[in-house]
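The values are calculated or read from the model by the stated rules, or taken from the named source; none is laboratory data. This structure is a prediction, so every number in the text was calculated from the model and none was measured. With ideal geometry, Cβ positions are generated from the backbone for all residues, glycine too; neighbour counts draw on all protein chains shown. For accessibility, only protein heavy atoms count, side chains too; no ligands or nucleic acids. Shrake-Rupley method; radii C 1.70, N 1.55, O 1.52, S 1.80 Å.
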Amino acid sequence: MNPYSNPYGQFSPLLTDLYQLTMLQSYMEHGMEDTAVFEMFIRKLPSGRNFLVAAGLEQVLDYLEHLRFSEEELVWLATRFPPHVIEYLEKFRFTGDVHALPESTIFFPNEPLIRITAPLPQAQLVESRIINLMHFETLIASKAARSVLVAPDKTLVDFGMRRAHGAEAGLLAARASYLAGFSGTATVLAGAVYDVPLYGTMAHSYIQAHNDELAAFEHFARSHPDNTVLLIDTYDTEKAAEKIVELTNKLSQTHIHGVRLDSGDLAQHARNVRRILDRGGLSETTIFASGNIDEHRLHALIQSGAPIDGFGIGTALDISSDAPALDCAYKLQEYAGKPRRKHSEGKATWPGRKQVLRNYDAYNRLTGDIVVLEDELSQTGKPLIKQFMQEGQRVQKKISLHDIRHNALSNYSQLPNAMTLLDPAPEYPVRISEKIQKLADQLDADHAVEP
């Protein structure tokens, strides 16, 4: 079965966990189809992180809008589930509401990232894919934000698709990193699908395929006269820089936009190459660096004063190598009009439909959040959670990815200075309202007297 066989071009709705379907069957057979409220949240920050950046909501809304089971999928399911389940899935449409943090919102543990309000079988069925999408993009956007804060004036390009954990991961990593403030990506499909700016140079194989390095440079420059960026560390970096000067004098109609360094002591090579280029009259030719760079190495290169104008960041970004997963959960908070609370040791949840209120100081810097019940009116702060779908239909105008990126960059300016650094900052205050705590205590007491 083709995973893209769904008529809307999405991954098959069978990209889920089996227990979502087995629970759906049992809910139907026992008449449990009242309204359920689920919230997805992060339990704790990964080590070394000071905040998270919300991402992936657009993909979730698209998934919910187009969620359908194809005839091929239903035929396959019919070998495993009874006819009444197949009939339900044949007519399946998401008819619920979606409330969420807008993409690019800075958020913290125990703050709902998204809330799904729908008939219980629907809200349950969509759990796995919602987590799959929002977890990954939030993970990558939060990782990318660290490089953006370290190098706000540099060109940052996602180079990681080839080592991402699968095709969709590579594509969504390009989207998430651009959302978080990167300049663009090398992943061509992200340019076609999301209009992310594309960047690219050449590989060492292009140089090696030629008998002469200078000839390789010339051929590439003639093929791409408007955007010539040449990789110069295949053999001898400094000698290659001298050849760039020679080539520029030969090709008077071609501007060498930049050179790329991909190995060795990037800082020292950059200094040497800058001197050679400047001496040859190429002061406007940029230097771009790549090769196992993450936010820590990026910070070190910038602190060293290396004359590097841009960076390609690959594997460390697209797999979030230092923190490859977030401790996230999608939990039932209300069913049939009654609040619900999970009591599991170390994993208890705060019940009810929630809102996050954010407070700022006189300089518009974040000072603290309070998580409240949706209907609480006694607390102060800016509400962060907005409604995006009602009865299965979008209620917000779609925001362009470029505008979301602009919002992300603006949001960083509201962070306290300590939170913009790579080192751990003092924990950001997130309070749980007394009303939620009292509701949790009441549910605990009610649970304690159950037979």
With unit charges on the beta carbon (Lys/Arg positive, Asp/Glu negative), name the residue among Ile399, Pro339, Thr286 whose Cα is farthest towards the positive pole of the charge dipole of the chain.
-> Thr286
For segment 207-301 the chymotrypsin sites (Phe, Trp or Tyr not before Pro) that pass both the DSSP coil test and the at-most-14 other-Cβ-within-10 Å test are Tyr235
Please report, as a whole percent, how much of the solvent-accessible surface of segment 1-131 comes from carbon and sulfur atoms (probe radius 1.4 Å).
-> 53 percent
Could you please state how large a percent of the accessible area of segment 322-451 is carbon and sulfur, counting protein chains only and using a 1.4 Å probe?
-> 49 percent
Ranked output for segments 48-61, 312-325 by mean other Cβ atoms within 10 Å, highest leading, reads 48-61, 312-325
For segment 165-239, what is the accessible area per residue in Å² when the probe is 1.4 Å?
-> 45 Å²
By the C-alpha gyration tensor axes a ≥ b ≥ c (rounded if a/c is under 1.5, else prolate when a/b exceeds b/c, else oblate), the shape of segment 338-440 is oblate
Hey, got a sec? Which trypsin sites (Lys or Arg not before Pro) in segment 356-439 land in a DSSP loop and have at most 12 other Cβ atoms within 10 Å?
-> Lys397, Lys398
Can you give the angle from 0 to 90° between the axis of helix 213-223 and the longest principal axis of the chain, with both taken from C-alpha atoms, to the nearest 10?
-> 60 degrees
Sites matching GluC sites (Glu not before Pro) across segment 87-151 that sit in DSSP coil, with at most 11 neighbouring C-beta atoms within 10 Å | none
Let me know the charge dipole size of the chain about its Cα centre in debye, to the nearest 20, where only the beta-carbon of Lys, Arg (+1) and Asp, Glu (-1) is charged.
-> 640 debye
Run the dipole for segment 221-360 about the Cα centre, Lys and Arg Cβ at +1, Asp and Glu Cβ at -1, nothing else charged, and hand back the magnitude in debye, nearest 20.
-> 1060 debye
Hey, what number do you get for the chain at 222 nm if only DSSP H runs of n ≥ 4 count, each worth -39500 (n - 2.57), divided across all residues, to the nearest 500?
-> -11500 deg cm²/dmol
What order, most packed first, do the peptides 379-385, 240-246 have when packing is the mean number of other Cβ atoms within 10 Å of each residue?
-> 240-246, 379-385
Taking a probe of 1.4 Å and leaving out DNA, RNA and ligands, segment 280-361 shows per residue an accessible area in Å² of 42 Å²
C-alpha long axis of helix 266-279 to longest principal axis of the chain, angle in ° | 40 degrees
Quick calc, segment 1-132, dipole around Cα centre from Cβ unit charges on Lys, Arg (+) and Asp, Glu (-), nearest 20 debye, gives 440 debye
Would you mind putting 337-344, 258-265 in packing order, based on average other-beta-carbon counts within 10 Å, highest first?
-> 258-265, 337-344
Between the residues Gln390, Leu415, Asn364, the Cα farthest towards the positive end of the dipole of segment 281-427, that dipole coming from +1 and -1 charges on the beta-carbon of Lys, Arg, Asp and Glu, is from Gln390
Among Ile106, Val85, Asn50, whose Cα sits farthest toward the positive end of the charge dipole of segment 1-114 (+1 at Cβ of Lys/Arg, -1 at Cβ of Asp/Glu, about the Cα centre)?
-> Asn50
Cα gyration tensor of segment 390-451, axes a ≥ b ≥ c as square roots of the eigenvalues: rounded (a/c below 1.5), prolate (a/b > b/c) or oblate?
-> oblate
